[in-house]
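Colleague: Right, I'll just put the structure down here and ask away after.
The values are calculated or read from the model by the stated rules, or taken from the named source; none is laboratory data. Predicted, not measured: the structure shown is a model, and the values here were computed from it. Cβ coordinates were reconstructed from backbone atoms using ideal geometry, including for glycine residues, and neighbour counts include every protein chain displayed. We work out accessible area using only protein heavy atoms, side chains counted, and drop any ligands, DNA or RNA first. Shrake-Rupley method; radii C 1.70, N 1.55, O 1.52, S 1.80 Å.
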Amino acid sequence: MARGLIPWGFFRKPLYIQARFSYLHMKYLFFSWLAVFVGSWIVYVEYSSYTELCRGHDCKNSICDKYRKGVIDGSACSSLCEKDTLYLGKCFTAKPNSQVYSGSWGDLEGVIKCQMEEAPHYDLGNEMEPRKEAVAFNKPTKGTSVEKFREMILNHLKAKVGDQANLADLATQVLSIADANKDGHISLPEARSTWALLQLNEFLLALVLQDREHTPKLLGFCGDLYVMEKVPYSPLYGISLPWIIEVWIPTGLRRSMDQWFTPSWPHKAKISIGLLELVEDVFHGTFGSFLMCDVSATSFGYNDRHDLKVMDARYIVPEAIFQEDIRQQRCDVDEDCVYGADCLTSCDLTKHRCTPEVSRPNLAKACEALKDYILRGAPSDVSEELEKQLYACIALKGSTEQMEIEHSLILNNLKTLLWKKISHTKDS
């Protein structure tokens, strides 16, 4: 009878608990191992990407080696290579051939940029500017006079932006920059550094727009390593997320998240006016026309006064150079005729060559980049008209003379609409 009073579950329970504990233990070990494996793999991939992309110290060593040999010279050479007062900070490099670092130069904060590639070629899939020659910094040659160097600069500028009436003024500005130590003479090493910089779209644009507020100031250079003024706030909008989180976020939500951490609407209006003014400056400007081939938030930033600044000008290219090069591009479909993210032409199927005219003007691309940014939080009394103007702007096509008139009309309407709303506030 006593044996019957003891339930069999009493003996089976410890066995069940043991089995349950063993299962949980194995599950915990499995997921712990999986987390360690995935974490290690992510660290390895990130480290590999960093070491492949971030080669700023190799660039510095190469530049300083040439400076010590007397091949190049510039206003930043001594600080970079002798005094060690110009430091490379955080790496922001996106492509190995163009190194980008934050930097400090005494009391100045800046951005240091340095070129790494060596094969000279134009590649529409990458960047429309020549790379370093196999023997770097070999122009001008020894014995070249200042007048001959001036002629070289004029011919180069003419090839880049066309035969403009005031290229002589631009050449004078280049010679002024070349005299890095301001002693009234241009040495051969200084001339070689300046010539190397002239090959870069960003440096050329900084020259063209130096009297405007849209490009950061050039602080100094050494060879084709140069230091630009730091832009405090960049990109224009958007938040950076780890890629493992990024893939799980729906596109609509991601676009909304990009607008979470932006300035007040009046400040956004002033920044937007800056982008519209930049479009105006590069469209049939003083030194020819430029095409904006990557009008994305990452290409722009702004300062404490909410003035727009160009962060990456590699894809703002002279129209003449773009048309000359893309004519030579072989194609089977229109998608073969693209440079950067935004400069698309059509494919002439009879010749299998790209046509030179872009399908969308700079203004249409700028309005598309601004649409979500400026409409979010817009005052109710301007939001409807603003949306109407933006969509009319985005719909612009081609670059015929009639379209240029419409282009100017929409540009002025947008600027006027935004200025009227903020002109009476301190934000203007």
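Colleague: Calculate, for H352 and S408, the FRET efficiency according to 1/(1 + (r/R0)^6) with r their C-beta to C-beta distance and R0 45 Å; round to the nearest 0.05.
Modeller: 0.80
Colleague: Grab the other residues whose beta carbon is less than 14 angstrom from that of A297, score K and R as +1, D and E as -1, and report the net.
Modeller: +1
Colleague: Could you order the peptides 254-265, 409-420 from most to least packed, using the average number of other C-beta atoms within 10 Å per residue?
Modeller: Ranked from most to least packed, the peptides come out as 409-420, 254-265.
Colleague: Now, a different point. May I ask you to list the chymotrypsin sites (Phe, Trp or Tyr not before Pro) in the range 308-417 that are in a DSSP loop and have at most 10 other Cβ atoms within 10 Å of their Cβ?
Modeller: For chymotrypsin sites (Phe, Trp or Tyr not before Pro) across the range 308-417 that sit outside H, G, I, E and B with at most 10 neighbouring Cβ atoms in 10 Å, the list is empty.
Colleague: Measure up K139/K230; K371/K420; K69/K309; K95/K270; K83/K139; K69/K158 against 25 Å on the Cα-Cα distance and list the ones that go over.
Modeller: Flagged as over cut-off: K139/K230; K69/K309; K95/K270; K83/K139; K69/K158.
Colleague: With a 10 Å radius around each residue's Cβ, average the other Cβ atoms per peptide and rank 83-94, 151-162, 196-207, highest first. It would help to have the intermediate numbers written out before the result.
Modeller: Details: 83-94: 14.8, 151-162: 17.3, 196-207: 21.6.
With the highest mean Cβ count within 10 Å placed first, the list reads 196-207, 151-162, 83-94.
Colleague: Hey, another quick one. Give me the mean projected area, in nm² to one decimal, of the convex hull enclosing the Cα positions of the range 194-338.
Modeller: 11.6 nm²
Colleague: Follow-up question, since we're still on this one. Using a 1.4 Å probe on the protein heavy atoms, what percent of the accessible area of the range 257-423 belongs to carbon and sulfur?
Modeller: Carbon with sulfur: 50 percent of the solvent-accessible area.
Colleague: In Å², and per residue, what accessible area does the range 257-423 have when probed at 1.4 Å with the other protein chains present?
Modeller: Roughly 44 Å² per residue, with all protein chains present.
Colleague: What is the sum of charges around Y373, taking Lys and Arg as +1, Asp and Glu as -1, for the other residues whose C-beta is under 14 Å from the C-beta of Y373?
Modeller: +2
Colleague: Using only protein heavy atoms and a 1.4 Å probe, report how much of H284 is accessible, in Å² to the nearest 10.
Modeller: 110 Å²
Colleague: Any idea what % of Cα-Cα pairs in the range 257-423 are farther than 20 Å?
Modeller: Details: 7321 of 13861 pairs.
Across the range 257-423, Cα pairs with separations above 20 Å total 53 percent.
Colleague: Modelling each spin label as a point 7 Å along the Cα-to-Cβ direction, I'd like the R68/R212 distance in nm, to one decimal.
Modeller: 4.2 nm
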